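A short reminder: the numbers here are calculations on the coordinates, not readings from a lab. For clarity, every value in this text was computed on a predicted model and none was experimentally measured. Cβ placement follows ideal geometry from the backbone for every residue including glycine, while neighbour counts extend to all protein chains displayed.
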Amino acid sequence: MKRALWFVWCAAVAVCWADPAPPAVRGPAGGGPPPMLTYQMRAPQPAGDRQTGQKDGRALFSNRCGACHLAGGMGTNLLTKERVAAGEAPESGLLANRKDLTVDFIKAVVRRGKLAMPRLTRVDVTDAELDAIAHYLGKSGG
């Protein structure tokens, strides 16, 4: 019993005296993060009053919706799974690639939510911002 406790104590001391800093993560020779850590960065918040129109829908979509709906986001992954199961190409999981979305449908989904997507209030996305985002994504005329 004493011998077993001795080994446990020695192991604990070795862990305590070990270098606490983890080894540095090294990326490609040219610098930057390793490939497994790369992801699409969201655009910065557009400047100015959030209540006014004429905003850049693409930048707003990236900033407001990008955490879930840019490449690698949970919303994109779920939509890709759903679209592939329906016989569509995997690229249709990215909302920016869709050709079948209408402005009214996008506004309804954002305000009401759908499946895993929560509804977004007018504090989350103002009506002016939602209008710009919906016009950016809504490529279907209907």
Inset, instruction - Work out, step by step, the length gained on full extension between D100 and S140: first 0.36 nm times the residue separation, then minus their alpha carbon distance; give nm to one decimal. - result: 13.9 nm
Inset, instruction - Run the quick spin-label model on L78 and T121: label points 7 Å from Cα toward the beta carbon, then report their separation in nm to one decimal. - result: 2.0 nm
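Based on the mean of other Cβ atoms within 10 Å per residue, sort peptides 112-119, 129-136, 78-85, 54-61 so the most packed one is first. Present the calculation step by step, with values, prior to reporting the outcome.
Numbers: 112-119: 11.6, 129-136: 21.0, 78-85: 15.0, 54-61: 17.6.
Ranking the peptides 112-119, 129-136, 78-85, 54-61 by packing returns 129-136, 54-61, 78-85, 112-119.
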Legend entry - Under the Karplus curve 6.51 cos²θ - 1.76 cosθ + 1.60, θ = phi - 60°, whole-Hz ³J(HN,Hα) for the range 59-76, x wherever Gly or Pro sits: 5, 5, 4, 4, 6, 7, 10, x, 4, 9, 10, 8, 4, x, x, 4, x, 5
